[in-house]
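Student: Below is a structure I'd like to ask you about.
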Amino acid sequence: MPAWDYDIVIVGAGPAGLTAGIYAGRARLKTLLLEKLIHGGQVMTTDLVENYPGFPEGISGFELSDRMRKQAERFGLEFRTGEVLELEPGPEHHLVRLQGEELRAGALIIASGAGYRKLGAPGEKEFTGKGVSYCATCDGALYRGETIAVVGGGDTALTDTLFLCRFAEKIHLIHRRDAFRGEKFLQEQVLAQEKQGKVEIHWDSVVHEIQGRHAVEALALKNVKTGEESRLPVAGVFIFVGITPNTSWLQGCVSLDEWGFVFTDGEMATSVPGIYAAGDVRSKLLRQIATAVGDGAIAAFAAESYLEHLQR
Ligand code: NAP
């Protein structure tokens, strides 16, 4: 009899965790997936996923995630809501501490994803939920007919600027450099919106303050090349300046890179035997649903091999 409650415990229910769950379920391993609040991770707030193969017309993040979850359930994955407070790795099993409960896991897959990076500008914290947003799908419709701003130059800023064009009258896109980081395909679409006057791009510019009385009313901008300062009246600002890994709960259990993402090898193994990581939480080149899914499959397969060796 194995000396643990679950063969595998997966932490996080985004595409990486759900895919690991599908593979572990099909391998007939007793697997528990722990999710913090809602399943799906960041993909749930993506309006339209256009680059995940198999959906030529695109698919909403919510639907894609829901389908993955149903697929995992079909193969016997057990789900539970709960936040991991502490992890204690061990040679025979790993202890996963939740509120008032302790679980023994033969292997563990960290798929806790990443959250929104903050700008750190004065007013940002104060006006979050009062004009400062990190989720276009959640809050975009509130700005029908309004003038708003988007901050950032990556895929999220570009995708969500295009999404927000459906609601806002005008969008000021503020980027700190003179070139976007996001996909060329998205850049072309945003530049087409600029030609139509729907989007105005503020290159080489940063937000140094978010201003208002009870809610956002304006942004104080600074051109980083000329030093020129200006005030931009807006009804809301969407901040898409990247992501930070959800790894504080690991408390130094596994090796992390300088930004806090989990180091793994090509088999998704972390610095601790029997602990794997998959998806956005991992230190890697490209954070996409397609890469998260691949990570999840490898992590489950590697965990299965690890458990087989352990029981020999
Ligand atoms: P990202 O690729 O890291 O881009 C962050 C952007 O914010 C960059 O343009 C960066 O500027 C800017 N930025 C960072 N810190 C800033 C600060 N303090 N002030 C002002 N600007 C700042 O992040 P992301 O766009 O959220 O994307 C995260 C990952 O998800 C990426 O791997 C992306 O490909 C993926 N993603 C994919 C899709 C899709 O497949 N459709 C959609 C969304 C996201 P610099 O360019 O100067 O560094």
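The values are calculated or read from the model by the stated rules, or taken from the named source; none is laboratory data. It should be emphasised that the depicted structure is a prediction, and the values quoted were computed from it without experimental measurement. Note that we place each Cβ from the backbone using ideal geometry, even for glycine, and neighbour counts take in every protein chain shown. Quick note on the areas: whole protein, heavy atoms, side chains included, nothing else; ligands and nucleic acids left out. Shrake-Rupley method; radii C 1.70, N 1.55, O 1.52, S 1.80 Å.
Student: Working carefully through the options I289, I275, I298, find the one that is in contact with a His (Cβ under 7 Å, 6 or more places away or on another chain) and surrounded by 17 or more Cβ atoms within 10 Å (Cβ to Cβ).
Tutor: Matching residue, one of I289, I275, I298: I275.
Student: Being hydroxyl-bearing (S, T, Y), open to solvent by 30 Å² or more (accessible area, probe 1.4 Å) and in a loop (DSSP other than H, G, I, E, B): is that true of Y23 here?
Tutor: No.
Student: While we're looking at this one, here's another question. Just the residues that are open to solvent by 70 Å² or more (accessible area, probe 1.4 Å) and at pLDDT below 95, please, taken from region 220-263.
Tutor: Correct list: S248, Q251, E258, W259.
To keep it simple, each residue is scored yes or no on (1) open to solvent by 50 Å² or more (accessible area, probe 1.4 Å); (2) within 15 Å of the ligand (Cβ to nearest atom); (3) of a type in the set (S, T, Y); (4) at pLDDT below 95.
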site: P2; (1), (2), (3), (4): yes, no, no, yes
site: Y6; (1), (2), (3), (4): no, no, yes, no
site: V9; (1), (2), (3), (4): no, no, no, no
site: L29; (1), (2), (3), (4): no, no, no, no
site: L33; (1), (2), (3), (4): no, no, no, no
site: K36; (1), (2), (3), (4): yes, no, no, yes
site: G40; (1), (2), (3), (4): no, yes, no, yes
site: A72; (1), (2), (3), (4): no, no, no, no
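Student: While we're on this one: Which residue out of T226, T244, T161 is more than 9 Å from the ligand (Cβ to nearest atom), without any contact (Cβ under 8 Å) to a residue 24 or more places away in the chain and β-branched (V, I, T)?
Tutor: T226
Student: Identify, by number, the condition in (1) more than 18 Å from S230 (Cα to Cα); (2) more than 9 Å from the ligand (Cβ to nearest atom); (3) of a type outside the set (G, A, S) that W203 doesn't meet.
Tutor: Of the numbered conditions (1) more than 18 Å from S230 (Cα to Cα); (2) more than 9 Å from the ligand (Cβ to nearest atom); (3) of a type outside the set (G, A, S), the odd one out for W203 is (1).
Student: Run V206 past the list (1) of a type outside the set (D, E, K, R); (2) assigned to a strand (DSSP E or B); (3) crowded, with 19+ Cβ neighbours inside 10 Å and report the number of the one that doesn't hold.
Tutor: All conditions pass for V206, except number (3).
Student: Scanning region 192-203 for residues that are touching a strand residue (DSSP E or B) at 6+ places or on another chain (Cβ under 8 Å) and closer than 11 Å to L162 by Cβ, which turns out least open to solvent (accessible area, probe 1.4 Å)?
Tutor: Among them, the one singled out is V199.
Student: Has region 110-133 got any residue that is in a strand (DSSP E or B), surrounded by fewer than 22 Cβ atoms within 10 Å (Cβ to Cβ) and at pLDDT 95 or above?
Tutor: no
Student: Next question, about the same structure. Would you tally the residues in region 209-231 being hydrophobic (A, V, I, L, M, F, W, C) and under 13 Å from G131 (Cβ atoms)?
Tutor: Within region 209-231, residues that are hydrophobic (A, V, I, L, M, F, W, C) and under 13 Å from G131 (Cβ atoms) number 5.
Student: Suppose we filter region 277-293 for residues that are part of a helix (DSSP H, G or I) and touching a residue at least 24 places away in the same chain (Cβ under 8 Å); how many remain?
Tutor: 7
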